[in-house]
Every structure is written in C-alpha cells, then in structure tokens.
1. Which residues, counting only those in the stretch 52-74, are touching a helix residue (DSSP H, G or I) at 6+ places or on another chain (Cβ under 6 Å), of a type in the set (A, V, I, L, M) and in a helix (DSSP H, G or I)?
2. Looking at (1) assigned to a helix (DSSP H, G or I); (2) at pLDDT 75 or above; (3) open to solvent by 70 Å² or more (accessible area, probe 1.4 Å), which is the one condition that is false for residue 111?
3. Does residue 146 qualify as being modelled with pLDDT under 50 and either closer than 19 Å to residue 22 by Cβ or in a loop (DSSP other than H, G, I, E, B) (or both)?
4. Limited to the stretch 1-18, what total is found for residues that are under 15 Å from residue 69 (Cβ atoms) and of a type outside the set (Asp, Glu)?
5. Does the stretch 78-86 include one or more residues that are of a type in the set (Ser, Thr, Tyr) and either farther than 18 Å from residue 183 by Cα or without any contact (Cβ under 8 Å) to a residue 24 or more places away in the chain (or both)?
6. Can you pull out every residue in the stretch 57-74 that is surrounded by fewer than 21 Cβ atoms within 10 Å (Cβ to Cβ) and either modelled with pLDDT of 95 or more or touching an Asp or Glu at 6+ places or on another chain (Cβ under 6 Å) (or both)?
7. Restricting to the stretch 15-54, and then to whatever is under 27 Å from residue 148 (Cα atoms) and acidic (Asp, Glu), can you tell me which residue is most open to solvent (accessible area, probe 1.4 Å)?
8. Could you tell me whether residue 126 is closer than 24 Å to residue 23 by Cα and either open to solvent by less than 70 Å² (accessible area, probe 1.4 Å) or not hydroxyl-bearing (Ser, Thr, Tyr) (or both)?
Amino acid sequence: MPAKVFISYSHEDERWKKRVARHLDALASEGRLVVWDDRKIPAGDDWEPAIRAAMADCQVALLLISAAFLNSKFILDAEVPTLLQRRAAEGVRVIPVILSSCAWRRIKWLKPINARPVDGQPLDLLSRAKAEAVLTALATEIDDLLATVAETRTDSPHVDLHHLPEGAADFFGRGADLEWLDAQWQT
C-alpha cells in the first residue's frame, strides 16, 4: 500500500497547497504515495472525522506555515496536537513548510522542528523558479523518507491475527499497528 501524506494548511493558503500537492502528485501517479488534504472530502461527508481519520493514517504530515495557519483555531486545537502526539509516539514525520514571513520561530511547539526550505526562508520570498526547486527537493525528500518507512514495514515480522498476544499490556507501544488494524476494519 502506498504511504500517505497529510497536508495541514489554512484555506487562505490554498494557492500554496496546490503547488505543494502538484509536486507530490507526480509521485502519487507512480503509486508511491497518496496525498491527502481536506479538499478530498466528498460532498455530504462530515469533515472533522474525515480529517481525524486522515491524520491517524498518514506517515508524513506537511504543515504549511503562515500567519493564517498560526491563527487557525482548528489547526492549533485539533490538527497540530494530534500530529505532534503521533510524531512523539510513532515517529510520524511532521515537516513544517514555511510559506510566508511570520513569527514561527517564536512558537514553542514549532521552533525545534527542522523546517523547509532549509534555514526557514519563506517560499514567497523566493523567485518562482527557486520556489519550484525547493518544492521539488521537498517531494524528493518525502519520497526518500517514505521509502525508508516502507523498508521498515517490509522487514517487520508478520503478525498472525489469529494468534494475538493476550492482555492489553502486550500492545503497549504498538499504536501504529493498532491504528492500521482499525483502518483495515473500516475498509
């Protein structure tokens, strides 16, 4: 199964989200990954459970950082805590992408995470050609990260679902495996 990339962004930054997604979609067309953002939610579906399910199922989360992102109540109250928790507990890659000048280096949860572009130079201050080169490098970096994740999964021992260990204590630290199982039941 292809790995999943979750894009967290403010709708004010839709233009940038489309540019980032375009670079990742080239890899998606090769079956290497699936790109998800909230515009993929079908009409009539409940949007919040769809977002939560996508966050629970991703291996990489891109945070498209701007002043609008840093002022979004839903992003800061729902998306960021969930993604940071998965980062700490399961090693999900959370990659901030600095779109525009903002006080991101002053944000306690954000400043320790290595951002892109390198050195946190905002994309909107770069020439179009330079920004495209940065987004190409980002897509390549994500593809390399996901290839490493896929190798780790392939090297994992097979889980026999008919002979699971007894007792909840045996599942401590197995959050990613349990989320995968939950996702399989839903499909």
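1. Residues satisfying the conditions are 55, 56, 68.
2. Just one mismatch for residue 111, condition (1).
3. no
4. Residues that pass the stated criteria total 9.
5. No: the stretch 78-86 contains no residue that is of a type in the set (Ser, Thr, Tyr) and either farther than 18 Å from residue 183 by Cα or without any contact (Cβ under 8 Å) to a residue 24 or more places away in the chain (or both).
6. Correct list: 67, 68, 70, 71, 72, 73, 74.
7. 30
8. yes
The values are calculated or read from the model by the stated rules, or taken from the named source; none is laboratory data. Model, not experiment: these values are computed from the prediction. Counting neighbours? That spans all protein chains shown, and the Cβs are built from the backbone with ideal geometry, glycine included. Note: areas computed on protein heavy atoms with side chains; ligands, DNA, RNA excluded. Shrake-Rupley method; radii C 1.70, N 1.55, O 1.52, S 1.80 Å.
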